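Here's the structure we're looking at; comments come further down.
Just so it is clear, none of the values below were taken in a lab; they were calculated from the coordinates. Owing to the predicted nature of the structure, the values given are computational and were not obtained by experimental measurement. Neighbour counts run over all protein chains shown; Cβ positions are idealised from the backbone, glycine included.
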Amino acid sequence: MDVDEYRAQDATGLAKLVADGEVTAAELLALARERAAEVNPKINAIVRDVPVPDGENRTGPFAGVPFLIKDLSQDYAGLPTSGGSRSMRYLPVAEHGAIVARWLDAGLVIFGKTNTPEFGAKGITEPEVWGPARNPWDLTRSPGGSSGGSAAAVAAGIVPCAGANDGGGSIRIPAACCGLVGLKPSRGLTPSGPVYGESMHGAAVQGVVSRTVRDTAGMLDVMSGGEPYGPYTPALPETPFASSFATAPRPLRIGVRVPSAITPQPHREAYAAVEATTRLLTDLGHEVVELSEAPYDDAALARDFLLTWFVTLAWEVAEAKRLTGAGDEMFERDTLIMAALGRATSSVDYLDAVARRHDHTRRLTTFFESHDLLLTPTLATPPPKIGDFDLPVALQRAADVLLKTRTAALLRFTKIVDDMVDENLGWVPYTQLANITGRPAISLPLHWTAEGVPLGVQFVAPLAGETLLLQLGAQLEQAAPWAHRTPQV
């Protein structure tokens, strides 16, 4: 097998070749490393090597398949989990995360950790400590975030599938930017332990980015289920995801919405992505209904999401300082600004925002009483250019003064939160809904722009809707195949 033959296979296919004795795990790892040596200097996807024990006899459904994990909330014993931050770059963790242990038990060969923004706090991957990850389809563009390194590595053919996680779109955004499949599972379906029971009150979940629906289904079987120290015992389907996804779904009624209160006029390519998907769905016998308004208050949801995100980030900065003794100089300016806003939020305001999640959930549940799925673009614009979200120099200097004088909390009296909604969520206004409500959602690579870069579409499902999302994804993949489309890095 050569590199091109390796890149043509998905994880499920590679695992079968290993099981049939046609190739060895060592040969696959050598090919993955060969591809990484060729393209990683250009895309900056892998930021840390993981030592692979010699002579391991791996078993499991993905035995021998090369794999990468995200350098955020996916702990590998003995190595640091930097979270994209200088402050955590050298602090090793004591034990494997539960999700990493499950991947190892499945036989995956983990050989590296992937780039992520500081504490996963952005939809782009441009951390100061590692430098920006780049989109293999256009090296001037972002692969999205926060699982941008993982998505770039899969799109570039280093691995067929990689670890990711999602607290506000961090699986689906990079999948959409890089032409991949990205499923955010339901709240509690995949483990967050053993150090933490859940993240962001369950809004953040573990998953993967992949090239094929069958890999996503197989990986979901590997990842799903409760843990002894976790807060939930999730309900699992009677039939494994890998067995049920190939069954065609019944005719579905799908509501579609493109405009958003945050982004009233999305890019024409976002409309084109949904229009092409609508035609395809209609040809497959599904009913697609255009919605005159969003089935939830998207403006309020965005503000609630950012408020809870700021408070979470304030805690993460404080925790990093406690663990490492780091000072403010070890954190990025944007992180410190968001953390200051989080510290300035009252406990009552914070709990108000958390409590309002139920309002958003009830409105979405009402929508699902008459519709099977919600369809949106995953992105409101094509993937941004590297550096598009850098603060202007004047604002950088003003922010430095506020941080130095410990008065950054005064920013809460300005329109900076509204500006952050517009700037940080304006190109990705659709993904936070699934996190806030705990519902599953998937991004599928069904559109490429006129410039040749991907722009995915998103389907949101009711509770326990993973099987339906995978069935529809497989049907669309068969009707409009995408795995053969690869960037020329």
(Q) Place a point 7 Å from Cα of GLU329 in the direction of its Cβ. Which residues in the range 67-95 have their backbone N less than 14 Å from it? (A) 87
**Q.** Exposure proxy ranking, count of Cβ atoms within 10 Å, fewest first, for THR376, THR114
**A.** THR376, THR114
**Q.** Simple spin-label estimate for GLU27 and ALA299 in nanometres, 7 Å along Cα-Cβ
**A.** 6.1
Q. Just in the range 9-115: which GluC sites (Glu not before Pro) are loop by DSSP and have at most 14 other Cβ atoms within 10 Å?
A. GLU22, GLU56, GLU95
Q: Within 10 Å, count the other beta carbons around each residue, average over each peptide in 46-52, 450-456, 71-77, and list them highest first.
A: 71-77, 450-456, 46-52
Q.
As a footprinting exposure proxy, order VAL195, VAL181, VAL258, VAL159 by other Cβ within 10 Å, with the fewest listed first.
A. VAL195, VAL258, VAL181, VAL159
(Q) Given the DSSP H assignment, sum -39500 (n - 2.57) over each helix run of at least 4 residues in the chain and divide by its residue total; what's the result at 222 nm in deg cm²/dmol, nearest 500? (A) -11500 deg cm²/dmol
Q: Would you tally the net charge around LEU104, using a Cβ to Cβ cut-off of less than 13 Å, leaving LEU104 out, and scoring K and R as +1, D and E as -1?
A: -2
Q. Counting only residues 5 or more places away or on other chains, whose amide H sits under 5 Å from the amide H of ALA162 once H atoms are built in the peptide plane?
A. VAL209
Q: Take PHE119, PHE241, PHE331 and order them by how many other Cβ atoms sit within 10 Å, fewest up front.
A: PHE331, PHE241, PHE119
Q.
I'd like to know which of PHE310, GLY188, GLN9 lies farthest towards the positive end of the charge dipole of the chain, counting +1 on Cβ of Lys and Arg and -1 on Cβ of Asp and Glu.
A. PHE310
Q: Set the Förster radius R0 to 22 Å, insert the Cβ-Cβ distance between ASP359 and SER292 as r into 1/(1 + (r/R0)^6), and round the FRET efficiency to 0.05.
A: 0.60
Q. Rounded, prolate or oblate: which fits the range 288-352 when a ≥ b ≥ c are the square roots of the eigenvalues of the alpha-carbon gyration tensor, with rounded for a/c under 1.5 and prolate only if a/b beats b/c?
A. prolate
Q: Run through the DSSP bridge list for the chain and note the antiparallel percent, rounded to the nearest 5.
A: 70
Q.
Let me make sure I get this right: for the range 1-109, a, b and c are the square roots of the gyration tensor eigenvalues over alpha carbons, sorted descending. Under 1.5 in a/c it's rounded, otherwise prolate if a/b > b/c, else oblate. Which is it?
A. oblate
Q: Might you report the magnitude of the Cβ-based charge dipole of the chain about its Cα centre, with Lys and Arg at +1 and Asp and Glu at -1, to the nearest 20 debye?
A: 660
Q.
How large are Rg and Dmax for the range 154-217 when calculated on the C-alpha trace, in angstrom?
A. 11.9, 34
Q. Do the alpha carbons of any pairs in LYS42/LYS184; LYS113/LYS385; LYS184/LYS404; LYS16/LYS70 sit beyond 31 Å of each other, and which pairs?
A. LYS184/LYS404
